[in-house]
C-alpha cells in the first residue's frame, strides 16, 4: 500500500469515527439527531442544549400531580347561588406551598422592602404591610390581635392575614426574585449583595435578559461565535425557577380535594369517586382507630360562640388561627386546605361557571401583556409590561381579546351588565377565595364552595399560599408520555443498526 493511499484510508477512518460519534443522535448525545451538528460546541456554531432538563422543587413547594376531576359543589347548595355547577376539567401538574404563608414569611418580605426601598420610597413599604385593624369588631375586644398578631414571635408560624389580593400577588413576584437570586448565589453566578438599593436590585427577568448585572461572580460561557464570550444565566439553562404566583381556582380546588388518595392501586383511574372535604369521609373527625381518633381534622367554628371547645378538651386547640402545620395534611401533603384561613385564588369571580368554556386549566383572569423595553426598568427594578391591543390580535385564531376578565360573562347576550354598586357587588375586581376559616361553619370547608370580595379588601380570616407551574413531564420524571418496553427494544435495535 502506497503512502498516499494509507493517508486516504486513515483520513476516512477518522472522518467515519467522528460521524459515528457526532451523528448518533437522541438520548444524551452531544450532537443533533436531525442535523448531526454538535451541541455546545463553538466550532459548530455554539447552539446550546442544557443538561438541566428536570425542574427543581422550590422552597416549601410540593408537587401536585395534575389530572381530571369534577370541579364544583360537593355539598348541597345551601345558599341557592348555583354558581359552582359540576363539570369535568383537567388541571396540569403544578407546585403548591405545603402551608399557608406565615407571619414570619411576610415580615421577611416587609423587612426586605424597607431595607431596599425604605429611604427613598417608603410608600412601597407602607402599601405592603398587612391591615392589622382587620381584627377589630364593634362589640369585641380584639386589640391584642391588632397589636401583636403580626409582630409577636409567638405567632411566627401562624398564617398572615389582613393581606389583600393585590398585596399577595406582589409577594409572589418578590418571592420569585429572592428564590432565583438565592439559586444563582449558591450556584456561584452571583455574589451575595445585601446592599441593593431602589431599582438596582435583582430581578429574574432583568437578569436573564442581561439588563441587570449585579455583583456578578462568574458568568456562563457564550458559545455563539458572534457573541461577547460571556453571558448571564438564561431560562434556557434550566437553572432559574418559573414564577411564584397565586393558584387558579381550579388548581386550588383540585389540590384541596387530594383525590390521589382515592386510587385503590397504582395505575388505576377512579374518577367517579368524589370527596366532600379535603380528606376522605363525610365527618370532621379523624376516623382511624388510633389515639387521635375523634380529633377534629380542621380549624373551624362548630356553632355560634363555639370556636375551640371546652377547657380541658379543646377540640381544635385554636380560638382564631392555628400553626400552619397543625391538623392532618391531605393526600397531596398539603396542610390546612380546609379551615384555619380562607385563601386567595387568581380568578376573577363570576356567578357563571363556564360549563362550555375551557376544560383544560380553566381560568378567568387573563390580561394578555407584552414587554415594553424602550423606557427601561420601572421603579421596582422590573421589566415594564403593557397590555396588547386588540387590533394586534385580528389574525390570531386562539384569542382575539387582550382583556379577558369579563370575556363571555353573559353581559352582551343577556343585555344585563354588572353595574357595581347599582345592581350587583360583582365587578372586575371581585376575586375568588376558598377553603373556609376559623370563623366559618363546616359548610365552607368543602373545596367546591366559593366566595368573593374585592381585590383591594382584606380580612382577618383570609390568607394565601403560592403556586408554581410544573414544566415538562406531569409526574415529576424527566420525560412525559408512556414508554413501552417493546418500543424501547425496537429503538435500541434501530440505534445499533445505524451506520453513523
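Of everything in segment 244-291 that's part of a loop (DSSP other than H, G, I, E, B) and in contact with a strand residue (DSSP E or B) (Cβ under 7 Å, 6 or more places away or on another chain), which residue is modelled with the lowest pLDDT?
If we filter segment 244-291 for residues that are part of a loop (DSSP other than H, G, I, E, B), which is where we start, we get 244, 246-248, 258, 263-284, 286-291.
Those still in the list that are in contact with a strand residue (DSSP E or B) (Cβ under 7 Å, 6 or more places away or on another chain) too: 244, 246-248, 271, 274, 284.
Working: 244: 98, 246: 98, 247: 98, 248: 97, 271: 64, 274: 75, 284: 77.
Per the stated criteria, the residue is 271.
Starting from residues that are outside any helix (DSSP H, G or I) and surrounded by 18 or more Cβ atoms within 10 Å (Cβ to Cβ), keep the ones in segment 132-156 and report whichever is farthest from the chain's Cα centre (by Cα). Can you show your working first?
Initially, segment 132-156 is screened for residues outside any helix (DSSP H, G or I), giving 136-142, 149-152, 156.
Retained after the next criterion (residues that are surrounded by 18 or more Cβ atoms within 10 Å (Cβ to Cβ)): 149-150.
Details: 149: 27, 150: 25 Å.
Among residues in segment 132-156 that are outside any helix (DSSP H, G or I) and surrounded by 18 or more Cβ atoms within 10 Å (Cβ to Cβ), the one farthest from the chain's Cα centre (by Cα) is 149.
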Apart from one, (1) touching a residue at least 40 places away in the same chain (Cβ under 8 Å); (2) more than 15 Å from residue 242 (Cβ to Cβ); (3) assigned to a loop (DSSP other than H, G, I, E, B); (4) out of contact with any helix residue (DSSP H, G or I) (no Cβ under 7 Å at 6 or more places or on another chain) all hold for residue 54; the odd one out is (2)
Got at least one residue in segment 363-378 being over 28 Å from residue 92 (Cα atoms), surrounded by 11 or more Cβ atoms within 10 Å (Cβ to Cβ), in contact with a helix residue (DSSP H, G or I) (Cβ under 8 Å, 6 or more places away or on another chain) and at pLDDT 75 or above? yes
- Does residue 192 qualify as being closer than 29 Å to residue 45 by Cβ, in a loop (DSSP other than H, G, I, E, B) and touching a helix residue (DSSP H, G or I) at 6+ places or on another chain (Cβ under 8 Å)? no
Checked segment 327-343 for anything over 16 Å from residue 254 (Cβ atoms) and either buried (at least 24 other Cβ atoms within 10 Å of the Cβ) or modelled with pLDDT of 95 or more (or both); matches are 327, 335, 336, 339, 340, 341, 342
Is it the case that segment 404-421 has a residue that's in a loop (DSSP other than H, G, I, E, B) and modelled with pLDDT of 90 or more?
yes
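State which residue is farthest from residue 462 (Cα to Cα) when the search covers only segment 378-400 and only residues that are assigned to a loop (DSSP other than H, G, I, E, B) and in contact with a strand residue (DSSP E or B) (Cβ under 9 Å, 6 or more places away or on another chain). Lay out the reasoning, then the answer.
Within segment 378-400, the subset assigned to a loop (DSSP other than H, G, I, E, B) is 378-384, 388-389, 394-400.
Adding the requirement that they be in contact with a strand residue (DSSP E or B) (Cβ under 9 Å, 6 or more places away or on another chain) leaves 381, 383-384, 388.
Values: 381: 29, 383: 30, 384: 30, 388: 32 Å.
Checking each candidate, the answer is 388.
Checking the conditions here, which among 179, 161 is in a helix (DSSP H, G or I), assigned by TED's automatic domain parsing to the domain that holds residue 244 and within 20 Å of residue 246 (Cα to Cα)?
Numbers: 161 fails: in a helix (DSSP H, G or I).
Of 179, 161, the one residue that is in a helix (DSSP H, G or I), assigned by TED's automatic domain parsing to the domain that holds residue 244 and within 20 Å of residue 246 (Cα to Cα) is 179.
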Screening 43, 28 for residues that are exposed (fewer than 10 other Cβ atoms within 10 Å of the Cβ) and either at pLDDT 85 or above or closer than 30 Å to residue 442 by Cα (or both) leaves only 43
In segment 332-360, anything touching a helix residue (DSSP H, G or I) at 6+ places or on another chain (Cβ under 7 Å) and in a loop (DSSP other than H, G, I, E, B) is listed as 332, 334, 337, 338, 339
State whether one or more residues within segment 71-91 are under 30 Å from residue 231 (Cβ atoms), part of a loop (DSSP other than H, G, I, E, B) and more than 18 Å from the chain's Cα centre (by Cα).
no
Reported set for segment 195-218 where residues are over 23 Å from residue 468 (Cβ atoms), without any contact (Cβ under 8 Å) to a residue 60 or more places away in the chain and outside any loop (DSSP other than H, G, I, E, B) is 216
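The values are calculated or read from the model by the stated rules, or taken from the named source; none is laboratory data. Note that the coordinates shown come from a computational prediction; the quantities given were computed from them, not determined experimentally. Don't worry about glycine lacking a Cβ; one is built from the backbone with ideal geometry, like all the others, and counts go over all protein chains shown.
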